[in-house]
Amino acid sequence: MSEKELTEQLVDPQETIRLLQKELEETNSGLVALTLELEYRVDARTAELHEAHDELRRTNSELLQMTLELEERVAQRTEELRKLNEELEARVRGRTAELESTNRELEAFTYSVSHDLRAPLRHIDGFSKLLLEEHGPELSDQARHYLTRVRDGARRMGQLVDDLLSLSRVGRQEVRWHIVGLSALLEEAQRDLQPEMEGRQIDWKISPLPFVECDPALMKQVFANLLSNAVKFTRPRERAVIEVGTMTRDDQTVVFVRDNGVGFSMKYADKLFGIFQRLHRQEDFEGTGVGLATVQRIIHKHGGRVWAEAELNTGATFYFTVGAAEVRETKDPIALGGEA
Amino acid sequence: MTGDEIGILLVEDNPEDVELTLHALRQQHLANDIQVVRDGEEALDFLFCRGPYGQRSFESPPRVVLLDLKLPKVDGLEVLRQIKSDPRTKAIPVVILTASREEKDMINGYHLGGNGYIQKPVDFDKFRETVKQLGLYWLVVNEPPPASAFRVR
């Protein structure tokens with residue numbers, strides 16, 4: 001309302017009232033519209049909220065459902081795992097029982113080999129010998145020759161049976177760990193070899209050996225077999241040289257036994273430790289091919305390694321480690337003294 | 001003295017082994033007073049003077065028993081156990097003479113009171129030498145237990 005209008009109205013109160021009424025009505029209808037608008041908006045918003053609420057409830061119940069499902073699955077999985085575990089345990093028990101029974105069978109077999117196979121061999125050898133002794137003169141040269149062959153065969157099979165038995169004994173035997181000086185074991189093995197060294201010229205070059213944790217009986221067997229090979233394969237040498245010492249390789253102490261014997265070609269090195277494998281003819285060097293297989297089995301039982309280097313007609317060197325078992329610093333003065 | 005003294009009781013089921021052992025002893029002129037029994041039960045009957053050996057006396061036991069381990073009926077270790085657990089027989093020297101070189105047999109043999117353990121060699125020359133030494137040692141060199149050792153005190 002302009003100032004002029006206002007001035008005019010003030011002049012006419014009727015008109016003023018009319019105008020004011022009109023204005024009021026206008027305002028009123030505006031308010032009604034606004035109210036309607038607001039109501040509408042509130043309704044819309046409420047609907048939106050309801051929807052959101054519903055959505056949340058749905059989500060919530062979905063989550064709840066998922067949780068339940070998950071819990072169920074976890075329970076299921078746990079049960080499955082438990083069953084699996086039980087099955088595994090049962091299988092382990094079964095396997096252990098099987099192994100134990102196989103072991104027992106093997107022992108029975110070995111026992112039977114030891115006892116029953118040797119007896120007929122002894123009889124073959126014995127009666128052939130008696131035949132030769134008591135009826136030799138009645139036999140032809142050829143017949144006597146055949147009988148000698150029979151005896152050789154029986155004795156050789158006896159040796160094979162014995163060697164096989166000792167190999168199987170090594171396989172079955174548990175390692176009885178002791179700290180022991182290898183020098184002492186070497187000396188014992190060397191002493192046992194005396195009969196094989198009769199009439200031989202052998203230069204022994206033996207360095208002090210370390211103290212290690214090992215099975216003394218088994219480790220002595222390793223030396224016995226390696227030394228016996230060294231003595232055997234240097235037989236053609238007028239002066240045999242056998243050297244025993246240690247060296248360090250990859251931070252580990254390696255014991256070696258070296259000889260200047262007939263050696264072998266490295267071509268066959270992979271066959272060396274195989275059971276019944278021989279690289280020499282029976283006429284040249286006797287043996288059953290079990291010695292080095294036994295050595296390998298013993299060293300492996302100790303967690304060590306064994307290998308060889310050789311040159312044909314020059315000599316061979318056998319190396320072995322005794323796992324990580326070496327006693328590097330011994331505080332025992334007696335033990336130290338023994339090494340010197 | 002009852003006149004039934006014997007030198008060696010050979011407990012051996014295998015006829016070839018019996019023959020070879022007797023042959024070896026005969027060559028040493030030690031086979032005259034040897035008694036052979038063929039299973040564990042017969043060995044026990046003989047040593048405990050019962051059954052077919054009921055006429056024997058505990059006071060004239062063999063100078064030595066050569067005992068195989070693998071025997072029919074009663075095995076060698078059981079025979080040894082019974083000999084060594086009875087005061088009337090425990091003083092009898094028992095030498096195990098077997099083909100087995102199994103450690104557990106050796107341990108059991110000595111634990112049960114065996115007086116020796118000998119593995120029969122396959123090589124007949126060695127076998128004969130072994131039997132000869134055994135015979136000479138137990139029948140000639142060794143001083144047997146006095147008769148009172150077999151009486152129950």
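What follows is calculated from the coordinates using simple rules that are stated; it is not laboratory data. Fair warning: this is a prediction, and the values are worked out from it, not measured in the lab. Neighbour counts run over all protein chains shown; Cβ positions are idealised from the backbone, glycine included.
Annotation: amide H-H contacts under 5 Å for B:VAL36 (H modelled 1.01 Å from N, sequence separation of 5 or more, or interchain): B:LEU10. Taking amide hydrogens as placed 1.01 Å from N in the peptide plane, the amide H of B:ILE118 sits under 5 Å from those of B:ILE96, B:LEU97, B:THR98, each at least 5 positions away in sequence or on another chain. Normalised by the number of residues in segment A:1-172, the average gap of Cα pairs under 8 Å and 6 or more apart makes the relative contact order 17 percent. Counting neighbouring beta carbons within 10 Å and listing from fewest to most, the residues A:LYS301, B:LYS120, B:LYS73 come out as B:LYS73, A:LYS301, B:LYS120. In a reduced charge model with +1 at each Lys and Arg Cβ and -1 at each Asp and Glu Cβ, segment A:178-339 shows a dipole moment near 380 debye about its Cα centre.
The value of relative contact order for chain A, using C-alpha pairs under 8 Å at least six residues apart, is 13 percent.
When only C-alpha pairs under 8 Å and at least 6 residues apart count, what is the relative contact order of segment A:174-293, in percent? If you can, show how the numbers build up before the last one.
Values: 169 pairs, mean separation 27.4, N = 120.
Relative contact order of segment A:174-293: 23 percent.
3J(HN,Hα) couplings calculated from phi for segment B:33-42 with the Karplus curve 6.51 cos²θ - 1.76 cosθ + 1.60 (θ = phi - 60°) are, in sequence order, 10, 10, 10, 10, 10, 10, 7, x, 5, 5 Hz; Gly and Pro show x. Remark: segment A:214-231, residue by residue, has Karplus-estimated 3J(HN,Hα) of 7, 8, x, 5, 5, 5, 5, 4, 4, 5, 4, 5, 5, 5, 4, 4, 4, 5 Hz, where x stands for each Gly or Pro and the curve is 6.51 cos²θ - 1.76 cosθ + 1.60 at θ = phi - 60°. Placing unit charges on the Cβ atoms only, positive for Lys and Arg and negative for Asp and Glu, gives the protein assembly as shown a dipole magnitude near 3960 debye about its Cα centre.
About its Cα centre, the dipole of segment B:8-142 is roughly 420 debye, where the only charges are +1 on Lys and Arg Cβ and -1 on Asp and Glu Cβ. With Cα atoms defining each centre, segment B:49-86 and segment A:245-300 are spaced 49 Å apart in the structure. 3J(HN,Hα) along segment A:286-299, derived from phi through the Karplus expression 6.51 cos²θ - 1.76 cosθ + 1.60 where θ = phi - 60°, amounts to 5, x, 10, x, 10, x, 6, 4, 5, 4, 4, 4, 5, 4 Hz, with x in place of Gly and Pro. Here r is the Cβ-Cβ distance between A:GLU3 and A:LEU24 and R0 is 30 Å; the resulting FRET efficiency, rounded to 0.05, is 0.90.
Helical runs assigned H by DSSP (4 residues or longer) give the protein assembly as shown a calculated mean residue ellipticity at 222 nm of -18000 deg cm²/dmol, each run adding -39500 (n - 2.57) before division by the residue total.
May I ask you to order A:210-218, A:167-175 by the average number of other C-beta atoms within 10 Å around their residues, highest value first? Write down the numbers at each step before the final one.
On the way: A:210-218: 20.2, A:167-175: 14.9.
Top to bottom by mean Cβ count within 10 Å: A:210-218, A:167-175.
If you take the square roots of the eigenvalues of the alpha-carbon gyration tensor of segment B:87-151 and sort them as a ≥ b ≥ c, do you get rounded (a/c under 1.5), prolate (a/b over b/c) or oblate? Intermediate results must be reported in sequence, preceding the final value.
Details: a/c = 3.94, a/b = 1.35, b/c = 2.91.
Because a/c hits 1.5 or more and a/b fails to exceed b/c, segment B:87-151 counts as oblate.
Net length available on complete extension from A:GLU69 to A:TRP204 is 40.7 nm, with 0.36 nm assigned per residue and the Cα-Cα distance removed. Name the shape class, rounded, prolate or oblate, that the alpha-carbon gyration tensor gives for the protein assembly as shown, where a ≥ b ≥ c are the square roots of its eigenvalues, rounded holds for a/c under 1.5, and otherwise prolate holds if a/b is larger than b/c and oblate otherwise. Prolate, because a/c is 1.5 or more and a/b exceeds b/c. Counting only lysines at least 8 places from A:LYS4 when in the same chain, those with an alpha carbon closer than 27 Å to its own are A:LYS22. Note on segment A:74-94 and segment A:189-237: Cα centroid distance 54 Å, given to the nearest whole angstrom.
Simple rule: put +1 on each Lys or Arg Cβ and -1 on each Asp or Glu Cβ in segment B:97-151, find the dipole, and look at B:ILE107, B:PHE150, B:VAL122; the Cα lying farthest toward the positive end is B:PHE150. Antiparallel beta bridges, as assigned by DSSP with both residues in the protein assembly as shown, represent about 55 percent of the total such bridges.
Would you kindly state how much longer the chain becomes between A:ALA90 and A:GLU105 on full extension, computed as 0.36 nm times their sequence separation minus their alpha carbon distance, in nm to one decimal? It would help to have the intermediate numbers written out before the result.
Working: separation 15, 0.36 × 15 = 5.40 nm, distance 2.21 nm.
Here the segment from A:ALA90 to A:GLU105 would lengthen by 3.2 nm.
Checking the cross-link pairs B:LYS84/B:LYS126; B:LYS70/B:LYS90; A:LYS232/B:LYS104; A:LYS220/B:LYS132; A:LYS271/B:LYS70 against a 27 Å limit on the alpha carbon distance flags B:LYS84/B:LYS126; A:LYS232/B:LYS104; A:LYS220/B:LYS132; A:LYS271/B:LYS70 as lying beyond it. With the Cα gyration tensor of segment A:90-248 giving a ≥ b ≥ c as the square roots of its eigenvalues, does the rule (a/c under 1.5 for rounded; else a/b larger than b/c for prolate; else oblate) give rounded, prolate or oblate? Oblate shape, in that a/c is at least 1.5 and b/c is the bigger or equal ratio.
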